[in-house]
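**Student:** Let me give you the structure first, and then I'll get to my questions.
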Amino acid sequence: MKNIKCISILLFIVFLFSASCRESKIDEQILLDIEDFNDSFHAFELNRGNFLPERNYISPSTENINGIISSNYNFNDDKFYFWLTKKYDTADQSTGRNMIAYVNIKTGIHHYICTDLLCKHTEFDECKYLNFSDIYFAEKNVFYTARMDDSIHTIYQVDLDRDSVVKVYKSQGSYLRAIGSYKKNFYFFEINHKTVNKETKYYENLKSIDINTKNIEEHGCLLEKYTDINASVFYIGNDKFYFMSLNKIFTTDLFFENETLICKIAEDERIGDYYYDEKTDELFFNVRNQEENTGTIYVYKNDELNKINMPHENIYCFQLTNNMIYYSPYDPIYYGTAADFQHTQVYDYTGGKIYAADKNNPIKAKLIFDAEKNFIIYNPFNSYVIIGDYLYFDDPELVEDGEFIYFNVAQKLEKVRINMKENTIKYIRFE
Ligand SMILES: [Zn+2]
């Protein structure tokens, strides 16, 4: 999620520890002494509402998100994947490492992707699954990802069934940006820069790996007119690259030619969430005006862009499923002021409310969940995800330090699952 108006320096520190932001560019090793950092803070107690503990997990239909591609979650073979930050301590410091976990939504069980029962998922255990950030499934239980290893950026193929983690491409000191898999190829940009007359130019060379042969193919450099507007590919399909940039959403063919405009973005607007439905070839996205706090969902299909008429004109975030549009209007709850230099104000911009509209008749919507300040269902790093009747979210700690406050998602090895129909709750905890 890119709505980061409320990020403070403290939140930024939390961000460094938080794993799941798909926009993170560099998989750095983060070393901070958070023991001292935490001593003067205490958690703000939230009332937890009237939920019963979840006793039986009721398997929802996976049909409701199958075939929908999103930056907000990864879904493959009935498993919903997300990131946690494993922390471990040495004598003088604490360290955070990205670790990928999942919930099998057929069974409700959860696990790290490392299945070694003796592994504690730290460097000391030589856990091979640490520090993968953006992952792209190419086949059932096989994903591709980039990781920084001793300053060398490397593309990996991870086969979860075979428990294998294999290096498939090593950069020569350049940065690799994974973009996705398409037709048995995995695509990425190899990015170099040169500084001439104090001006730095970036060269983004498109490459692909054949999933079967592992052969590398070069496809040429992204045109300067696209690097100049920070254009980045967010989806590959229909022999097209789908780009998002500072001022427009557009497609090109796989040779960066035949540009087609999808939507212009004004200066005070930002793209929020987006979803590509591979079954219907529809792209849904939210355009937010950050000054006026308005937000509108658009759908693009067959070269046609249409605004979706909904009961709210101030949509802050949304989730698409095969039948529904779930969304939260801009309805900020103010929690306090962060301890950064600008004294950023800390909000849950969703107000904890989730509405549901029928995808085929979205003009009406109903309130299906109201956290009533019992939980923070949305934080600057992670959105909530709804699968069937179940709502998943991070439940960040609200930490108070004297007059200051911030969200802490860093040290919680946990997802919360609420069954909105049965009114049950489960804290899905990881060791
Ligand atoms: Zn492990």
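The values are calculated or read from the model by the stated rules, or taken from the named source; none is laboratory data. The structure displayed is predicted, hence computed values, not measured ones. Here Cβ is always computed from backbone atoms with ideal geometry, including for glycine, and neighbour counts include all displayed protein chains.
**Student:** Look at segment 221-248 and say how many of its residues are under 24 Å from Phe137 (Cα atoms) and part of a strand (DSSP E or B).
**Tutor:** 11
**Student:** Given Leu254, Leu261, Leu320, Leu246, which one is out of contact with any helix residue (DSSP H, G or I) (no Cβ under 6 Å at 6 or more places or on another chain) and closer than 18 Å to Tyr355 by Cα? Even if it seems obvious, please write down each step before you answer.
**Tutor:** Values: Leu254 fails: closer than 18 Å to Tyr355 by Cα; Leu261 fails: closer than 18 Å to Tyr355 by Cα; Leu246 fails: closer than 18 Å to Tyr355 by Cα.
On inspection, the qualifying residue turns out to be Leu320.
**Student:** While we're here: Specify which of the listed residues (Phe404, Phe381, Phe318) is out of contact with any Cys (no Cβ under 6 Å at 6 or more places or on another chain), at pLDDT below 95 and on the phi < 0 side of the Ramachandran plot.
**Tutor:** Details: Phe381 fails: out of contact with any Cys (no Cβ under 6 Å at 6 or more places or on another chain); Phe318 fails: at pLDDT below 95.
Checking each option against the conditions leaves just Phe404.
**Student:** In segment 144-157, how many are within 16 Å of the ligand (Cβ to nearest atom) and touching a residue at least 40 places away in the same chain (Cβ under 8 Å)?
**Tutor:** The first filter runs over segment 144-157 and keeps only residues within 16 Å of the ligand (Cβ to nearest atom), leaving 145, 147, 156.
In the following step, the residues that additionally are touching a residue at least 40 places away in the same chain (Cβ under 8 Å) were identified as 147.
Of the residues in that region, 1 qualify.
**Student:** Here's a follow-up. Being of a type outside the set (Asp, Glu) and either over 22 Å from Asn306 (Cβ atoms) or in contact with a Gly (Cβ under 8 Å, 6 or more places away or on another chain) (or both) is the filter here; which residues of segment 253-266 pass it? Show your work before the answer.
**Tutor:** Initial filter on segment 253-266 (of a type outside the set (Asp, Glu)): 254-256, 258, 260-266.
Within segment 253-266, Leu254, Phe255, Phe256, Asn258 qualify.
**Student:** Just for segment 108-120: of the residues that are within 8 Å of the ligand (Cβ to nearest atom) and under 22 Å from the mean Cα position of the chain (by Cα), which one is farthest from Thr154 (Cα to Cα)?
**Tutor:** Checked segment 108-120; the qualifying residue farthest from Thr154 (Cα to Cα) is Tyr112.
**Student:** Looking for something aliphatic (A, V, I, L, M), within 16 Å of the ligand (Cβ to nearest atom), in a strand (DSSP E or B) and surrounded by 15 or more Cβ atoms within 10 Å (Cβ to Cβ) - is there at least one such residue anywhere in segment 198-218? I'd like the intermediate steps shown before the answer.
**Tutor:** Pass one, segment 198-218, residues aliphatic (A, V, I, L, M): 206, 209, 211, 216.
Retained after the next criterion (residues that are within 16 Å of the ligand (Cβ to nearest atom)): none.
For segment 198-218, residues aliphatic (A, V, I, L, M), within 16 Å of the ligand (Cβ to nearest atom), in a strand (DSSP E or B) and surrounded by 15 or more Cβ atoms within 10 Å (Cβ to Cβ): absent.
**Student:** Could you check how many residues of segment 83-115 are crowded, with 20+ Cβ neighbours inside 10 Å and assigned to a strand (DSSP E or B)?
**Tutor:** Count: 13.
**Student:** Which numbered condition in (1) crowded, with 23+ Cβ neighbours inside 10 Å; (2) touching a residue at least 60 places away in the same chain (Cβ under 8 Å); (3) assigned to a strand (DSSP E or B) is the only one that Tyr326 fails?
**Tutor:** (1)
**Student:** Asp161 is checked against (1) farther than 25 Å from Phe80 by Cα; (2) away from the ligand (no atom under 16 Å from the Cβ); (3) part of a loop (DSSP other than H, G, I, E, B); (4) not hydroxyl-bearing (Ser, Thr, Tyr) and fails just one. What number does that condition carry?
**Tutor:** (1)
**Student:** May I pose another question? Condition test on Asn131, is it at positive phi, more than 8 Å from the ligand (Cβ to nearest atom) and surrounded by fewer than 16 Cβ atoms within 10 Å (Cβ to Cβ)?
**Tutor:** On the way: at positive phi: yes; more than 8 Å from the ligand (Cβ to nearest atom): yes; surrounded by fewer than 16 Cβ atoms within 10 Å (Cβ to Cβ): no.
No: the conditions fail for Asn131.
**Student:** If you check every pair at least six apart or on different chains, which have Cβ atoms under 6 Å apart with a residue in segment 394-414 that is outside any loop (DSSP other than H, G, I, E, B) first and a residue that is of a type in the set (Asp, Glu) and modelled with pLDDT of 75 or more second?
**Tutor:** Asn408/Glu397
**Student:** Just checking, how many residues over segment 90-107 are over 23 Å from the mean Cα position of the chain (by Cα) and either within 15 Å of the ligand (Cβ to nearest atom) or touching a residue at least 24 places away in the same chain (Cβ under 8 Å) (or both)?
**Tutor:** Initial filter on segment 90-107 (over 23 Å from the mean Cα position of the chain (by Cα)): 90-94, 107.
Still in the list and also either within 15 Å of the ligand (Cβ to nearest atom) or touching a residue at least 24 places away in the same chain (Cβ under 8 Å) (or both): 92-94, 107.
Number of matching residues: 4.
**Student:** Report those strands (runs of 3 or more DSSP E) wholly inside segment 339-381 carrying at least 3 residues which are in contact with a Leu (Cβ under 9 Å, 6 or more places away or on another chain). First the steps, then the outcome.
**Tutor:** Values: elements: 345-348, 353-358, 361-370.
Counting at least 3 such residues, we get 353-358.
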